[in-house]
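The values are calculated or read from the model by the stated rules, or taken from the named source; none is laboratory data. Computed from a predicted model, the values in this text were never measured in an experiment. With ideal geometry, Cβ positions are generated from the backbone for all residues, glycine too; neighbour counts draw on all protein chains shown.
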Amino acid sequence: MDLYPLYNSLRIAGISAVIVFFIGIAAAYYIAKAPRVIKGILDVLFTLPLVLPPTVVGYLLLLALSPKRDIGAYFFENFGIRLTMQWWSAIFAVTVVVFPLMYRTARGAFERFDEELADAGRTLGLSNTYIFWPGDHRRSGAEFREGFRRIRRDVYDSGLYPRQNSDRFHSRLSAVEDRQR
């Protein structure tokens, strides 16, 4: 039994979850405190992957990170790293698709945060960390799973899943059909 697909999925999911968690909270914190005009513009940019189909987001990522484009060429020339068609490319895709979910949840939590309650907690001796963490951070796992499901579904639908697994499935299926005859 080949466990590499499971290992690869868990590796990509774990790394992406950590990146999305911290970047989503940081972006939500600073945008919640930003002026209204800047907040509106950045909110549109950050939540755009929710509106676009995942295949369009993937295509735009391929365009942006390709070695023939500015970002991809910079990394390829200076560091010798290709940003596309590698296992870590999936980290970029998952992060971009899942980021809006974490960002919107964290931003909502920051905007609803009552500073007077935090001050009351501080008078009771609570630390800032304790006051911050009981919030909406528990949803980050569910948001990550949903984004990962969307990407996995599109990979299967697009036919990018390795052909050998498909052939193995069809050979088992035909073997079962032969036994039934």
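Brief remarks on what is shown
- Criterion (part of a helix (DSSP H, G or I) and modelled with pLDDT under 85) met by exactly one of G72, G40: G72
- If the condition is being surrounded by 13 or more Cβ atoms within 10 Å (Cβ to Cβ) and either in a helix (DSSP H, G or I) or of a type in the set (A, V, I, L, M, F, W, C) (or both), then region 56-69 contributes V57, G58, L60, L61, L62, L63, A64, L65.
- Yes/no for S66 being in contact (Cβ under 8 Å) with a residue 12 or more places away in the chain, more than 20 Å from A28 (Cβ to Cβ), in contact with a Leu (Cβ under 7 Å, 6 or more places away or on another chain) and hydroxyl-bearing (S, T, Y): no
- Some residue of region 46-54 being crowded, with 16+ Cβ neighbours inside 10 Å, within 28 Å of L6 (Cβ to Cβ) and modelled with pLDDT under 85: yes
- Boolean, L124 is more than 28 Å from I31 (Cα to Cα) and more than 22 Å from the chain's Cα centre (by Cα): yes
- Positions within region 77-87 being surrounded by fewer than 17 Cβ atoms within 10 Å (Cβ to Cβ), without any contact (Cβ under 8 Å) to a residue 60 or more places away in the chain and hydrophobic (A, V, I, L, M, F, W, C), in sequence order: F79, I81, M85
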